[in-house]
1. For the stretch 213-258, name all the residues that are modelled with pLDDT of 90 or more, hydroxyl-bearing (Ser, Thr, Tyr), outside any loop (DSSP other than H, G, I, E, B) and under 23 Å from Pro52 (Cα atoms).
2. Which members of the stretch 13-44 meet the condition of being farther than 24 Å from Pro220 by Cβ and among the basic types (Lys, Arg)?
3. Only one of these is more than 15 Å from the chain's Cα centre (by Cα), under 23 Å from Leu19 (Cα atoms) and open to solvent by less than 10 Å² (accessible area, probe 1.4 Å): Leu58, Leu98, Leu62. Name it.
4. Which ones in the stretch 69-110 are touching a strand residue (DSSP E or B) at 6+ places or on another chain (Cβ under 8 Å), more than 21 Å from Arg38 (Cα to Cα) and among the aliphatic types (A, V, I, L, M)?
5. Are any residues in the stretch 140-157 touching a residue at least 60 places away in the same chain (Cβ under 8 Å) and either touching a strand residue (DSSP E or B) at 6+ places or on another chain (Cβ under 7 Å) or open to solvent by less than 20 Å² (accessible area, probe 1.4 Å) (or both), and if so, which ones?
6. On the basis of being aliphatic (A, V, I, L, M), farther than 30 Å from Thr255 by Cβ and open to solvent by 10 Å² or more (accessible area, probe 1.4 Å), does Val228 make the cut?
7. What are the residue pairs meeting all of these: first residue in the stretch 24-46, first residue over 24 Å from Tyr12 (Cα atoms), second residue of a type in the set (Lys, Arg) and assigned to a loop (DSSP other than H, G, I, E, B), Cβ atoms under 9 Å, and 6 or more apart or on different chains?
8. Of these, Thr215, Thr236, which one is farther than 21 Å from Glu189 by Cα, among the hydroxyl-bearing types (Ser, Thr, Tyr) and open to solvent by 30 Å² or more (accessible area, probe 1.4 Å)?
Amino acid sequence: MIRSMLAEGLYYESDPEQLRKSLQRALANTSATPGHSRTVVAPYGAYSITLPYVMKALRTVLDRRPEMIILLAAPHADTRGRVLLPESTSFSTPFGELPIETETLSSLAKSSTIFQFDEVAHLQNHSLELMLPPLHYLFGPVPLLPLLVEELTPLEIRYVARTLSHLVMTREVVTLVSANLSGFTTPREADARARNMIRLIMDAPGEAILAPLETISSPPRSLSPLAVGHILAGDTTRPSLLSRGTFETDYHGETASVVFASIAYI
């Protein structure tokens with residue numbers, strides 16, 4: 001089964017050549033960043049807003065030759081306790097298909113009830129899909145491990161991160177977390193929530209992030225996938241905030257903001 005594109009034509013160009021030009025332009029306009037990262041965080045949203053940030057993060061992994069790319073994001077529903085796996089065998093992009101690591105997904109599903117197949121959740125989600133064209137453009141048809149991480153307890157986050165680490169420890173893997181640092185709220189509140197998230201990521205290497213997780217007030221939906229990616233990066237790497245941005249829009253006559261960033265673990 002091939003998962004078709006949902007955001008194509010809405011969040012990014014459907015024409016492959018036009019999309020390629022947009023990706024080339026965004027990469028060319030992104031300054032080189034020192035270091036060779038394996039784990040990055042990039043925002044999701046319309047390419048007209050987020051693409052420079054996505055390419056800035058991905059530039060830090062360009063020297064890698066990944067055998068697999070782990071994709072982490074939060075599902076759109078406010079649910080908890082699971083990591084949702086796709087049933088598709090590949091994802092479609094305007095540049096062709098990206099294969100799914102179906103054997104690894106099956107291994108995860110057998111390891112614990114935390115890992116469950118849910119194709120509907122993946123079909124309703126665009127935060128993972130928005131990462132696919134840049135990944136295909138930069139790396140070609142590298143196999144993907146796409147995971148939608150619901151709200152998890154600190155113990156569940158630790159289990160998920162350790163399970164993933166054990167499965168991929170002998171392979172060259174890049175991890176990409178598709179996440180924004182706040183949901184849409186007032187500009188002041190969005191900024192405060194984003195600052196709390198950045199402080200948490202910067203101050204707590206590896207599994208040290210688990211203890212303060214529950215102290216975060218009004219955490220973004222992306223908190224759990226961010227924490228899993230943070231632990232996967234390892235406690236010997238340090239996150240580098242490459243860029244930070246804010247998108248504002250009118251919501252019922254009031255200004256609403258979402259804050260996002262490019263982060264690389266170097």
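1. Ser240, Ser243, Thr246, Ser257
2. Arg20, Lys21, Arg25
3. Result of the check over Leu58, Leu98, Leu62: Leu98.
4. Val83, Leu84, Leu85, Leu108, Ala109
5. Once the filter is applied, which keeps residues that are touching a residue at least 60 places away in the same chain (Cβ under 8 Å) and either touching a strand residue (DSSP E or B) at 6+ places or on another chain (Cβ under 7 Å) or open to solvent by less than 20 Å² (accessible area, probe 1.4 Å) (or both), the stretch 140-157 yields Val142, Pro143, Leu144, Leu145, Pro146, Leu147, Leu148, Val149, Glu150, Glu151, Leu152, Ile157.
6. no
7. Every condition considered, the pairs that remain are His36/Arg64; Ser37/Arg64; Arg38/Arg64.
8. Thr236
The values are calculated or read from the model by the stated rules, or taken from the named source; none is laboratory data. If you're wondering where the values come from, they're calculated on a predicted model, not measured in any experiment. Positions of Cβ are generated from backbone atoms using ideal geometry, with glycine treated the same way; all protein chains shown enter the neighbour counts. The protein model used for the area step is the full one, side chains on, heavy atoms only, and it has no ligands, DNA or RNA in it. Shrake-Rupley method; radii C 1.70, N 1.55, O 1.52, S 1.80 Å.
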